[in-house]
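Structure, as structure tokens:
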Amino acid sequence: MSSFLHQRTIYNPLSNQHPLSPRSSSSSSRSFSLFSPTALLVLLSLLVILGVFLPWADMPEGLFSTVKPSITKWRSYTLAQAASFVAKNGTVIVCAVSQPYLPFLNNWLISISRQKHQDKVLVIAEDYATLYKVNERWPGHAVLVPPAPNSQTAHKFGSQGFFNFTSRRPRHLLQILELGYNVMYNDVDMVWLADPFPYLEGNHDVYFTDDMPQVKPLKHSRALPPPGKKGRTYICSCMIFLHSTNGAKLVMKKWIEELQEQPWSKAKKANDQPAFNWALNKTAGEVDLYLLPQVAFPTGGLYFKNQTWVQETKGRHVIIHNNYITGFEKKIKRFREFGLWSVDDHADESPLGKL
């Protein structure tokens, strides 16, 4: 979202465009001596005008102001405005990020840029530091949906902070759907190895991936898998594609309801994924659901732990999810070991550059 500055000549009340008579000139010199009270007052007024009013005219920074106008601009930036700016062919790619995960965001963006889909990415910032950092480097591609969680720490899986962070997800997605856009959601601990959009065939309401590591036949069913031991399926809530249909909206609304009915507690350390599965299970008869192929979208429990399968299916992997492991540093270490961490040597390929 670029803007162009149009410089205008600022009227200077000290300039003398119409020479006066010698008598008038000498009189003017005495009245507007550089150190006279009148001249100092005029100079002070100019400084106030330049320092206070110009920053609000879409300038990157005020000449004399300590407040960056971009901060005010992005604080009032709405999800509707952001989605309209990034959407391409009616589709938005969304992630939700807090400040500690900016390195993962950059790694994910590098992989998306290699597939030429970075322009449709919208970062939903979960704190103001992330909002300002992304928009400083990549204007218009980050938005904050109030209220923002207070903490800027890297929440551990299963913690209340992690639940608070992830439970906002279906509300964001539902709002984008209601704006009329199709939306792909990714966690940022993912890496794209190929373009996923050719795999989103047909006009189904909701597309998703299996979170189970057991190997499936290459031509497995695209229907919702049968429930597991806990009475529900084990679908991953970290890679979802939604068409802007009533069916997709129904699943998001049901997901929100399930999260409200199963809040986090010390005894039951809930996360958003079981609620997503219950939402799928309870709406399956009303909604057109589509399971993406395991070979293209493997869970981390398969890709990182079954190298025989990886070699047998080489060249067919599309998005790799670094799950089945917890811990910020452990995830980075595993990405590096498998050659999937590009931030160190290829940061220039990210729209954010080197952070």
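The values are calculated or read from the model by the stated rules, or taken from the named source; none is laboratory data. Please read all numbers here as calculations on a predicted model, not as lab measurements. For neighbour counting, all protein chains shown are included, and Cβ atoms are generated from backbone atoms with ideal geometry for every residue, glycine included. All accessible areas refer to the heavy atoms of the entire protein, side chains included, with ligands and DNA or RNA removed. Shrake-Rupley method; radii C 1.70, N 1.55, O 1.52, S 1.80 Å.
Please report the antiparallel percentage of the DSSP beta bridges confined to segment 69-349, to the nearest 5.
The antiparallel proportion sits near 45 percent.
Suppose R0 equals 45 Å; then what is the FRET efficiency for Gln115 and Lys230 from their Cβ-Cβ distance, rounded to the nearest 0.05?
0.80
Describe numerically, in nm with one decimal, the distance between label points set 7 Å from Cα along Cα→Cβ at Gln273 and at Asn246.
Taking the two extended label points, one gets 3.3 nm.
Write down the Kirkwood hydrodynamic radius of segment 69-349, to one decimal in angstroms, obtained as one divided by the mean of 1/r over all alpha carbon pairs.
It is 19.2 Å.
Using a 1.4 Å probe over the heavy atoms of the protein chains, calculate the carbon and sulfur portion of the accessible area of segment 69-349 as a whole percent.
C and S fraction of accessible area: 51 percent.
Report the extension gain between Glu261 and Ser84 in nm, rounded to one decimal, defined as 0.36 nm multiplied by the number of residues separating them, less their alpha carbon distance.
60.4 nm
Per residue, how much accessible area does segment 172-265 have with a 1.4 Å probe, in Å²?
Result: 44 Å² of accessible area for each residue.
Which FRET efficiency value, to the nearest 0.05, do you get for Val310 and Glu201 by plugging their Cβ-Cβ distance into 1/(1 + (r/R0)^6) with R0 = 22 Å?
Given R0 = 22 Å and the Cβ-Cβ separation, E is 0.35.
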